[in-house]
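**Student:** Below are the structure tokens for one structure; questions will follow.
Computed from the coordinates by the stated procedures, all read-outs in this text should not be read as laboratory data. Every value quoted in this text rests on a predicted model; they were computed, and no experiment measured them. Backbone-built Cβ (ideal geometry, glycine too); neighbour counts: all protein chains shown.
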Amino acid sequence: MTQDAETLGTMLARRGFGRRSLLKFAIVMTSSLALPPSLAPVMADNLAKAKRQSVIWLSFQECTGCLETLLRSSAPTIDALIFDFISLDYQEALMASAGAAAELTLRQAVAANQGEYLLAIDGSVPLKDGGVYSLTGGRSNVSMLEEFAVGAKAILAIGTCAAYGGIPKAHPNPTGAVGVEDVISGKPIVNIPGCPPVPEVLSGVLVYFVSFGRLPDLDDRKRPLAYFGTTIHDQCYRRPFYDQGKFAKSFDDEGARQGWCLFELGCKGPTTHNACASLKWNNGTSFPIESGHGCIGCSEPDFWDQGGFYTSLAGGSAAGWRNAGIAAAVGLAGGAAAALSARSKSSRPPEDKP
Ligand code: SF4
Ligand code: SF4
Ligand code: F3S
């Protein structure tokens, strides 16, 4: 359960994986993290010297979809994540023990990794009525978060619920749900929004942390720039149809069959920052728009209350929106500028600070 003394390099060598394997892996991960290729050997060396990172995962007001997303991670696989790069020291749904034994496990894991563990949270934090709407072992989520944040080196807010309150916060927010950063200050926090988040984004953040001992560069909403620096619209393969003014008017018309843009059917891709259009889902198979449905903006704050999923951002036809260049302006304000910043930052090595 505790951080063992063996390095990842030693552990992998024992299993027959040499530096070349680690370097190949680092090349894939630096590309995914928008880091310069020259950092791949540095990442490989750092991973070889690293000890397994303790991760303590607490589930609050959630639906378990975010945990499912980690289990579906393909790069690296969950087995590799758990056994090679992280030590998942506490996760209620995956561990065998329950009740008092599980609570003892949590306390032991926290004590053994004090000041060093990553605290992963999925689910929102209900604050109303003293937080009584979500309890674990009789304790409110908010009191657990406050206690276990103290000894954490950094906090991962996994999913839109943990990042911004998510669906539990949807109007009228009966439990007073908020995100982690509304409760905790003074700790490094990374938001990995999405309902659920793209699994490879979570893997990338974990591998970066193990490699460099700090969180990757974040935007003003504490999201990793490498994955949230552009909008879905910026990367969408249907974008040429948008630019040509070719829009599906219903889900079964000729335009839909031809794969035209889904803007007028409610697609929120122009205002949604996420990596779905490039990383895709299910080992790179597809993503919502490729399946024929518009993006519902699931990685943005308050997405549930931002108008109907089938109402266009323009409230009707795309003509005025396109002519005014609103999508481009939104992308520049929230994404493209951040992406440019990310790229310029990525040309330098990560700073040597937590
Ligand atoms: Fe479930 Fe979505 Fe919340 Fe994750 S972000 S816990 S998938 S509702
Ligand atoms: Fe793709 Fe949606 Fe943008 Fe159309 S509006 S190009 S479907 S992201
Ligand atoms: Fe969510 Fe839109 Fe991606 S709905 S899964 S952010 S395409």
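**Student:** So which trypsin sites (Lys or Arg not before Pro) in segment 244-332 are both in a DSSP loop and have at most 13 other Cβ atoms within 10 Å of their Cβ?
**Tutor:** Listed in order of number, the matching sites are K249.
**Student:** Using 7 Å Cα-to-Cβ label points, what is the Q306/E290 separation (nm, one decimal)?
**Tutor:** Rounded to a tenth, the inter-label distance reads 2.2 nm.
**Student:** Now for a separate question. Name the residue, out of S38, S87, S203, whose mean-square fluctuation peaks in a Gaussian network model built on the chain with Cα pairs under 10 Å.
**Tutor:** S38
**Student:** While we're looking at this one, here's another question. Going through segment 1-105, which trypsin sites (Lys or Arg not before Pro) have at most 13 other Cβ atoms within 10 Å and a DSSP loop state?
**Tutor:** R15
**Student:** Given a 10 angstrom Cα cut-off, can you work out which residue in F303, F212, F17 is the most mobile in a GNM of the chain?
**Tutor:** Largest GNM mean-square fluctuation: F17.
**Student:** For A170 and D220 in one chain, what is 0.36 nm times their gap in residues minus the Cα-Cα distance, to one decimal in nm?
**Tutor:** That pair, A170 and D220, stretches by 15.8 nm at full extension.
**Student:** I would also like to ask the following. Please find the FRET efficiency linking K246 to K280, where r is the Cβ-Cβ separation and R0 is fixed at 35 Å, and quote it to the nearest 0.05.
**Tutor:** 0.95
**Student:** Run the numbers for V132 and A80: contour at 0.36 nm per residue of separation, minus the present Cα-Cα distance, in nm.
**Tutor:** Extra length from V132 to A80 when fully extended: 15.0 nm.
**Student:** Counting only DSSP beta bridges with both residues in the chain, what percent are antiparallel, rounded to the nearest 5?
**Tutor:** 30
**Student:** Please report the net charge: other residues with Cβ closer than 13 Å to the Cβ of H293, K and R +1, D and E -1.
**Tutor:** With Lys, Arg at +1 and Asp, Glu at -1, the net is 0.
**Student:** Oh, and also: Compute the projected area of the convex hull of the Cα atoms of segment 94-215, averaged over all viewing directions, and report it in nm² to one decimal place.
**Tutor:** 7.8
**Student:** Could you work out the local net charge near R139, counting Lys and Arg as +1, Asp and Glu as -1, over the other residues with Cβ closer than 10 Å to its Cβ?
**Tutor:** -2
**Student:** Taking a Cβ-Cβ separation under 4.7 Å as the criterion for a possible partner, which cysteines of the chain have none?
**Tutor:** C63, C66, C161, C236, C261, C267, C276, C295
**Student:** Take every Cα pair under 8 Å in segment 232-337 that's 6+ residues apart, average their separations, divide by the length, and report that relative contact order as a whole percent.
**Tutor:** Normalised by residue count, the contact order of segment 232-337 is 28 percent.
**Student:** Restricting to bridges with both residues inside segment 8-216, how much of the DSSP beta-bridge set is antiparallel, in percent to the nearest 5?
**Tutor:** Looking only at bridges with both residues in segment 8-216, the antiparallel portion is about 25 percent.
**Student:** Okay, next question. Report, to two decimal places, the Cα Rg of segment 145-222 normalised by 2.2 N^0.38 Å (N = number of residues).
**Tutor:** Computed over Cα atoms of segment 145-222, the ratio equals 1.13.
**Student:** Can you check what the Kirkwood hydrodynamic radius comes to for segment 8-216, Cα pairs only, in Å to one decimal?
**Tutor:** Roughly 17.6 Å, rounded to one decimal.
**Student:** What does the helix-only formula give at 222 nm for the chain: each DSSP H stretch with n ≥ 4 adding -39500 (n - 2.57), the total divided by the residues, and the result rounded to the nearest 500 deg cm²/dmol?
**Tutor:** Result for the chain: -9500 deg cm²/dmol, rounded to the nearest 500.
**Student:** From largest to smallest, what semi-axes in whole angstrom does the chain give when each is the square root of 5 times an eigenvalue of its alpha carbon gyration tensor?
**Tutor:** 35, 26, 17
**Student:** On to the next question. Determine the equivalent ellipsoid of segment 1-65 by diagonalising the alpha-carbon gyration tensor, then write out the semi-axes as square roots of 5 times the eigenvalues, largest first, rounded to whole Å.
**Tutor:** Ellipsoid semi-axes (Å, largest first): 26, 19, 10.
**Student:** List the aspartates and glutamates whose alpha-carbon lies under 17 Å from that of K268, not counting same-chain residues fewer than 8 positions away?
**Tutor:** D234, D243, E290, E300, D302, D305
**Student:** How long are the semi-axes of the equivalent ellipsoid of segment 232-337, taking √(5λ) for every eigenvalue λ of the Cα gyration tensor, in whole Å from largest down?
**Tutor:** With the √(5λ) rule applied to segment 232-337, the semi-axes are 18, 18, 14 Å.
**Student:** Just to confirm a number: summing +1 for Lys and Arg and -1 for Asp and Glu over residues other than D253 whose beta-carbon lies under 12 angstrom from that of D253, what do you get?
**Tutor:** Local charge sum for D253: 0.
**Student:** With a 10 Å cut-off between alpha carbons and a GNM built on the chain, which of G16, G65, G284 moves the most?
**Tutor:** Looking only at G16, G65, G284, the largest GNM fluctuation is found for G16.
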